Each structure stands twice: as structure tokens, then as C-alpha cells.
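Structure, as C-alpha cells:
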Amino acid sequence: MAIVDLTAALTLNPGKLKRLLEEFDSISKFVKANEPGVLRYELHRGLPEKNGGADIVIIREIYASEDAQKAHLETPQCQAFIKAMEEEKLCSDVKVVFTATKADLGFASRL
């Protein structure tokens, strides 16, 4: 099965960054301990001063297979994360982009 690689860009509602980070911290610890099919699961905070004042977070997820992604989405922890985002109106916009795992052009890092 093919690797699933996605990037989600979440534009947060004002004052919701702390709550989103709490939720993501909780689910990411669960994922690391219990979901070996999740190869990458990380959050990067945007720089509001470079993004028109908006709080934006980028979530990078890589799954070993489509089955691993489906299993992740079905966990109670993921369902609770999604529910919190919806019920607490943490985000004003969410964009998810599925991509190839290997870059088409460029290089990975000089770090």
C-alpha cells in the first residue's frame, strides 16, 4: 500500500491557539505511543507577524498506508480532537493537501 502524506493548514480563531496546542499535545502523545503506522505527526506554529496577524498552524502527517490513516481517524482520541475543534470553534479555516512523500524538486535540508 502507498504511503499517505498530508499537510493541514489551520487558521485559528482569535484566542484559540493555547487550546489547540493542548489538544494536539494530548493526541500526539497518544499517536506516538499507540500508532506505529503513523510515521510523522507534528505541528509547526506560524509566525503571526509574517502572516497578517493570523494564528496559523501547520500539521504534517505521514502514514505507512491508507489503512494506517483510516485507523488513526477512527481512534477515540482523533474523534475527540476533531470534536474539540468543531465544538470549541478552534479554527476559522482548514485546508488539507495530500502530496507525494518525495519532493518533486529542490532539496530537503542544509540543517
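The values are calculated or read from the model by the stated rules, or taken from the named source; none is laboratory data. Predicted, not measured: the structure shown is a model, and the values here were computed from it. Neighbour counts run over all protein chains shown; Cβ positions are idealised from the backbone, glycine included.
Identify the residue in the range 31-72 that is out of contact with any helix residue (DSSP H, G or I) (no Cβ under 9 Å at 6 or more places or on another chain) and assigned to a strand (DSSP E or B) and, among all such residues, is nearest to Thr7 (Cα to Cα).
Arg60
Counting just the residues of the range 4-30 that are part of a helix (DSSP H, G or I) and touching a helix residue (DSSP H, G or I) at 6+ places or on another chain (Cβ under 7 Å), which one comes out farthest from Glu86 (Cα to Cα)?
So the residue we want is Phe30.
Take the residues of the range 73-99 that are in contact with a strand residue (DSSP E or B) (Cβ under 7 Å, 6 or more places away or on another chain) and not in a strand (DSSP E or B): which is nearest to Gly15 (Cα to Cα)?
Checking each candidate, the answer is Leu90.
Restricting to the range 2-51, give me the number of residues that are modelled with pLDDT under 95 and surrounded by fewer than 11 Cβ atoms within 10 Å (Cβ to Cβ).
Number of matching residues: 1.
If you go through the range 55-79, how many residues are surrounded by fewer than 15 Cβ atoms within 10 Å (Cβ to Cβ) and either without any contact (Cβ under 8 Å) to a residue 24 or more places away in the chain or within 18 Å of Val97 (Cβ to Cβ) (or both)?
Taking the range 55-79 and keeping what is surrounded by fewer than 15 Cβ atoms within 10 Å (Cβ to Cβ), we get 58, 60, 65-67, 70, 73-74, 76, 79.
Then drop every residue that is not either without any contact (Cβ under 8 Å) to a residue 24 or more places away in the chain or within 18 Å of Val97 (Cβ to Cβ) (or both), which leaves 58, 60, 66, 70, 73-74, 76, 79.
The qualifying residues number 8.
Give the residue that is farthest from Met85 (Cα to Cα), with candidates limited to residues of the range 31-60 that are under 14 Å from the mean Cα position of the chain (by Cα) and of a type in the set (A, V, I, L, M, F, W, C).
Filtering first and then ranking leaves Leu39.
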